[in-house]
1. For the chain, give the magnitude of the charge dipole about the Cα centre (Cβ charges: +1 Lys/Arg, -1 Asp/Glu; no others), in debye to the nearest 20.
2. For labels at SER118 and ALA10 in the simple 7 Å Cα→Cβ model, what's the distance in nm?
Amino acid sequence: MEKILIRLPADRTQLGNLCIVDDNSTILFGPIACLGKSDNEAALQHNNVKRLSIYPYGDTPLGDYVPARISAHAPPGDMGNRVIWLQGLDGDALVAASNGRLGLAIHAGRGDTGGPYSGLFPTDGCVRISDTSMDALALFMGDNVLPISVVQA
């Protein structure tokens with residue numbers, strides 16, 4: 001079965017990558033650049049100064065997520081016009097959910113340039129990809145529902 005595989009570095013100020021792989025880990029789509037870093041100011045304002053992924057406003061939690069599809073997001077803006085909502089199944093993703101982390105997603109938004117991390121801006125703990133990459137991902141996925149794994153690179 002195909003799945004979305006997101007590889008994030010331990011140093012979240014560095015870019016990770018997102019791809020779609022099959023059961024043999026053959027890359028079918030991507031890799032595309034992604035950022036799994038929380039915004040420092042938002043984390044500080046919510047008492048998560050270290051951006052710990054298992055707490056609200058931390059970096060993107062590692063683990064497996066409920067299979068999901070791309071859906072329209074209205075109004076388009078900071079999250080772009082499409083989103084893949086994430087619900088933790090295991091690992092830090094499940095711990096984070098039990099700690100009240102809601103609204104995690106894979107999304108685009110804020111344009112493809114100008115962000116401090118190769119054009120990408122930090123989020124409140126989501127995975128951000130470029131608008132162009134989201135368009136390509138949506139075209140590849142269509143209406144398919146895919147499981148999602150976030151691992152440390």
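Quick note: the coordinates plus some simple rules give every number you see, no bench work behind them. Only a predicted model underlies this, so the values are computations on that prediction, with no experimental measurement involved. Glycine gets a Cβ as well: all are built from the backbone with ideal geometry, and neighbour counts include every protein chain shown.
1. Value, rounded to 20: 240 debye.
2. 2.0
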